[in-house]
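Worksheet: the structure to be examined is printed underneath.
Please treat every number below as a calculation from the coordinates, not as lab data. Keep in mind it's a predicted model, so treat the numbers as computed, not measured. Note that each Cβ is placed from the backbone with ideal geometry, even for glycine, and that neighbours are counted across all protein chains shown.
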């Protein structure tokens, strides 16, 4: 077995999709130089794709903070120059080959997946920490030795061994999204005086990741190439492979990275891959670098939790797997009420006039953990198309009215939740007491709310994508009124349809009704389907009354 093997710049390992929907494995060099020929990354999971996207962005940030689109040495000095350089790259329609090849050839030796001194993304010779098999490294399985998956997508040798290409992809994923199951080493605890700080989940696992997509991989890279991050021009990049040394210390708290190339190649874990018969069969893992997440605005690919008090800090806000993306419209796109918009969205707002595309596709991805991030429960993603004019000043009034409509949808969900509860009581069910509500009562309410949101989902997305603020004259709001009235009619129709189906499925007993006595007051209240539907219609009318 060769000591030095599998260079990420030369060997195929990144999965991409072409125009004919065929998936290919290509090298990092190929993925960059032919990005315009691929529609997207196409790894095993969307969360894997975002990690590889960030690796590619780290290369681009480093190269084009030092040279211009023609390959001439020229460091960025101010915002105007950064936007101009970005625009030059965008107008090319593909990434310039010469400066990228020249840079990658210079650092070629740092991209070996297997190397006696500098294996990429690893700590050479690491033989302590938690040992896992290949099935744990594979994020599609994430199976530890003491918890076997009942229904696995891999079996036999495919489960117990990974190809070098697979291992490279999942190594990056592990560094970004690893759970907290790995234990500190005995040696590490002794050095620290008995206790080591917890690094938590991998950095990306702590985020509510958001990024923008173009019609091909080149456009996706450029749209997320944030050359002005907040007020900072990205001009002093320090990616992992340019570091003279590799940190080996366990669970190391570091200052927050001050450049995106360093952040995008952060080593949240110390890892060492072990191979046998040209496959990776196991790995060692200990905690790696971490930092405080409060006000960590250098990170451009996350939404933020707005603090309740002015003195409190902003922290990354994870996405909710049970919530459609459009319901977080304000969180994603609007600056009102102290919201800190993600850096990638701020960047698109900044360069909106420079891009020859009308619609912007925003995508979220996230890992959902269980039991204090001890294991992965779910991986989910969602996308939303909006007109780019909604993101800039011309769309400010529209954004406010869209937020009103989303709030009304939330009120509709509350109304249908109440209706479902009343129908359950009308059919003979019980609410329970103040300390412990009946589980079936609660389930019926939440199920009705989820069904309403499911039916609102696609119509709302289509309506939102059809909004074109530039068509509205500032002195004439007839078009604006027509657009919002159309959605309100759609929302009410869907809500009434849901309500009628709930009443129908409540059964004959609910039509007659059921009387429930209040134990405290002694008064009786009669619940019936006709009464519940009447109350629901009153609520809907109140929600959509003219303001």
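Rg and Dmax in Å for segment 30-126, alpha carbons only: what are they?
15.5, 46
What does the convex hull of the alpha-carbon atoms of segment 393-543 project to on average, in nm²?
10.8 nm²
Sort segment 231-339 into rounded, prolate or oblate with this rule: let a ≥ b ≥ c be the square roots of the eigenvalues of the Cα gyration tensor; rounded if a/c is under 1.5, and if a/c is not under 1.5, prolate when a/b is larger than b/c, oblate otherwise. Can you show the working numbers first?
Values: a/c = 2.34, a/b = 1.69, b/c = 1.38.
Here segment 231-339 falls in the prolate category.
Angle between the Cα long axis of helix 46-64 and the longest principal axis of the chain, 0 to 90 degrees, nearest 10?
For helix 46-64, the angle is close to 50 degrees.
Hey, what's the per residue convex hull volume over the C-alpha atoms of segment 76-144, in cubic angstrom? Walk me through the intermediate numbers first.
Details: hull volume 13.8 nm³, N = 69.
For segment 76-144, the hull spanned by Cα atoms encloses 200 Å³ per residue.
If you split all Cα-Cα distances of the chain into 10 Å bins from zero, what percentages do you get per bin, shortest first?
Spelled out bin by bin, the chain gives 3, 16, 24, 23, 17, 11, 5, 1, 0 percent.
If you rank 482, 85 by fewest surrounding Cβ atoms within 10 Å, what's the result? The partial results should precede the final answer.
Details: 482 9, 85 19.
Fewest to most other Cβ atoms nearby, the residues stand as 482, 85.
What list of whole percents do you get for P(r) of segment 173-253, with Cα-Cα distances grouped in 10 Å bins up to the one holding the largest distance?
13, 28, 35, 17, 6, 0
Do the sum for the chain: with -39,500 (n - 2.57) for every DSSP H run of n ≥ 4, divided by all residues, what is the mean residue ellipticity at 222 nm, to the nearest 500 deg cm²/dmol? Spell out each step's value before the answer.
Values: 17 runs with 210 residues, N = 547.
Rounded to the nearest 500, it is -12000 deg cm²/dmol.
Roughly what angle does helix 529-543 make with the longest principal axis of the chain, taking Cα atoms, 0 to 90 degrees, to the nearest 10?
60 degrees
Any idea what the alpha-carbon Rg over 2.2 N^0.38 Å comes to for segment 282-407?
Numbers: Rg = 16.7 Å, N = 126, 2.2 N^0.38 = 13.8 Å.
My calculation over the Cα atoms of segment 282-407 gives 1.21.
I'm a student and want to see the number: the projected area of the Cα convex hull of segment 1-83, averaged over all directions, in nm². Mind showing how you got there, number by number?
Values: hull surface 31.3 nm².
Average of the hull's projected areas for segment 1-83 equals 7.8 nm².
Expressed as an acute angle from 0 to 90° and rounded to the nearest 10, what is the orientation of the C-alpha long axis of helix 79-92 relative to the principal long axis of the chain?
90 degrees
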